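For reference, the structure is listed below as structure tokens.
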């Protein structure tokens, strides 16, 4: 089977709060350990990856977080500037034109231009080469916005091409779409929790990625997975404890139920989503940081 | 005093706006708040934007559309709940709501030009803040044109707190700004739109911009914007009305969070912004909090192990039980610390806690089970 890390672009996607950033950070670490040069892109959000890896913030300039591992927060304003500069070549023109209020007002009315330039920046780094002709990064990992936003982010090239089918912007947009749907280059990585709402949303997300975006998907990570500690017989006895032990019994039962629920949803996902599924254990810690990410990365190294 | 903190904070309010990051349970709590009011004899409507139909499911409604539907009295009876008032629910259809807004407010001769423009899609779907804005518009409409005692709004899961509060400004910005209007005016007067207006600012801009976008696009965009320009005043007025209503004493914001550190950060930030903007925040709800398990000493562990596993208790069984209780304790402790932090940053706004439920809330009875935690 082809390794996850043989792609050039992995888009980590899922509902808000399921641990996309953790999975992105762990994937990045695992890939970097294998000797891949990795760039993690966070999309217009409060920076999380650097803290998860125990490093200082990088902001909108690419910064190094670990050996072979760099990160950046992609922001619309900065991405727009880079994009315009790439096309216009001259800083003075950029300043004169793009910092004009009237022009800004116009640009704002172009459908989702700010999201497009962010995707454009991702595209640029996937294609970026060093002077020797080799790619600057072997793997770009995008920690995408939460489900709804994430799917529309990936759909953007299609939406935009429907509105603007011709011209220089359309050409760039078409290239971005081609990158996203190319099996050799890209894959989405789905993340979810073994709970009802996230699972339902993930099934829809998978469908959306497949049928609407046409994007290849490579893996499904089930985050916060809890394994049962008690046998079914033991669990049954929890309900029949004497009154003084009942509160502890109820607490233990709630934990076991969570574990059972996790198993139930994992099986449901296995039926509904045709992707290799990897369970990531719930990590009990007060400070979720580098140490926790290391544990998860270790599980991914075989991925 | 028989009233709980939340009930007191919501007394006399006609609008409750539930805000917070995605995935914290806003939809469910909005429904629970509406259900409470209905059980007290009020006529209530809860308005959601949630496309996952969670609200519809939990209220036992098959379909939830852009018009309000009443939760049938039989559903209340079946769940064993008192229904003294009426509970209505609706799901905001973004596109339809925008179309309605344009149809109602655009000059007749421009209506079709706007609705048929390909750029209009941007406004109704992709423009940041567009969802939030329509939601705010909807509560103004529900409040003014219908006879509900209470309107509960479940807001869209904003990526950033600022998106919500800034929504009217962003939408207004889209319709125009003073400078654009000034530049557009001569072209409009001459009855001409399109590239002519760019000539006003010089061919230099057009040339440079068209390198990026193509000339055709710019031309069409200019036309569209000049079609919208006359609506600027209308929308400015509406946006002001929306803000005034939200800031009024008949409105209450309920900020929903989980105990997750990242969500707590976002909630604390959101709270600061709401207060800065003069918005009345009634309460903060920390949802799905892990409860503290009971203390278990050596004696209890032995008894637990022998009751459920082996008698006499094996070390292995005891260790498994101890490990589980320890995990639960850690979860609860982490949550406690986060909630203390939340309470500290949000003071004097009261912070309520709703414990993690054994299973997801999926029906009226489930919603009612939250009542004790919210209003107890």
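Read-outs: derived from the displayed coordinates by stated rules, not from any lab. As the structure is a prediction and not an experimental result, all values here were calculated from the model. In this analysis, Cβ positions are derived from the backbone assuming ideal geometry, glycine residues included, and neighbour counts consider all displayed protein chains.
Structure above, values below:
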quantity: Length-normalised contact order for segment A:1-84 - Cα pairs under 8 Å, 6+ apart - percent; calculated: 25
quantity: Candidates A:76, A:242, A:165, ranked by Gaussian network fluctuation over chain A, Cα under 10 Å, top entry; calculated: A:242
quantity: Square roots of five times the Cα gyration tensor eigenvalues for segment B:264-376, Å; calculated: 38, 17, 10
quantity: Inter-label distance for residue A:294 and residue A:271, nm, one decimal - labels placed 7 Å from Cα along Cα-to-Cβ; calculated: 4.1
quantity: Compactness of segment B:29-147 as Cα Rg over 2.2 N^0.38 Å, two decimals; calculated: 1.24
quantity: Relative pair counts by distance (%), Cα atoms of segment A:10-96, 5 Å bins; calculated: 3, 14, 21, 20, 15, 11, 7, 5, 2, 0
quantity: Two-decimal Rg/Rh across chain A, once Rg and the Kirkwood Rh are taken from alpha-carbon atoms; calculated: 1.05
quantity: Rounded to 5, the percent of DSSP beta bridges in the protein assembly as shown classed as antiparallel; calculated: 10
quantity: FRET E, pair residue A:34, residue A:130, Förster distance 22 Å, beta-carbon r, rounded to 0.05; calculated: 0.70
quantity: Label-point separation, residue A:211 to residue A:61 (7 Å along Cα→Cβ), nm; calculated: 4.7
quantity: Distance from segment A:26-64 to segment A:122-143 (C-alpha centre basis), Å; calculated: 15
quantity: Value of relative contact order over chain A, rounded to a whole percent, pairs C-alpha under 8 Å and six or more apart; calculated: 25
quantity: Ellipsoid equivalent to chain B - semi-axes via the Cα gyration tensor, in Å; calculated: 49, 25, 18
quantity: Inter-centroid distance (Cα atoms) of segment B:313-359 relative to segment A:186-226, Å; calculated: 29
quantity: Computed label-point distance, nm, for sites residue B:326 and residue B:269 using a 7 Å Cα→Cβ extension; calculated: 3.6
quantity: Top of B:170, B:144, B:318 by mean-square fluctuation, Gaussian network on chain B, Cα under 10 Å; calculated: B:318
quantity: Förster radius 56 Å - calculated FRET efficiency between residue B:315 and residue B:96, Cβ distance, rounded to 0.05; calculated: 0.30
quantity: Along each principal axis, Cα extent of segment A:209-303, largest first, Å; calculated: 57, 33, 22
quantity: Antiparallel bridge percentage (DSSP; both residues within chain B; nearest 5); calculated: 5
quantity: Fewest-first ranking of A:230, B:153, using other Cβ atoms within 10 Å as the exposure measure; calculated: A:230, B:153
quantity: Gaussian network model of chain B, Cα within-10 Å springs - most flexible of B:237, B:68, B:137; calculated: B:237
quantity: Neighbouring partner chain Cβ atoms per residue of B:304-314, average, 10 Å criterion; calculated: 3
quantity: DSSP bridge orientation in chain A - percent antiparallel, rounded to nearest 5; calculated: 10
quantity: Average other protein chain Cβ within 10 Å of Cβ, residues A:275-286; calculated: 1
quantity: C-alpha long axis of helix A:168-181 to longest principal axis of chain A, angle in °; calculated: 30
quantity: Normalised contact order of chain B, rounded percent, pairs of Cα under 8 Å and 6 or more residues apart; calculated: 24
quantity: FRET efficiency, 1/(1 + (r/R0)^6) with R0 51 Å, evaluated for residue A:227 and residue B:108 via beta carbons; calculated: 0.20
quantity: Descending Cα extents along the principal axes, the protein assembly as shown, whole Å; calculated: 94, 70, 42
quantity: Cα gyration tensor shape for segment B:314-376, rounded if a/c is under 1.5, else prolate or oblate; calculated: oblate
quantity: Nearest 10 degrees, 0 to 90: helix B:26-39 Cα axis against chain B principal axis; calculated: 80
quantity: Acute angle (nearest 10 degrees) that the helix B:178-189 long axis makes with the longest principal axis of chain B, alpha-carbon atoms; calculated: 40
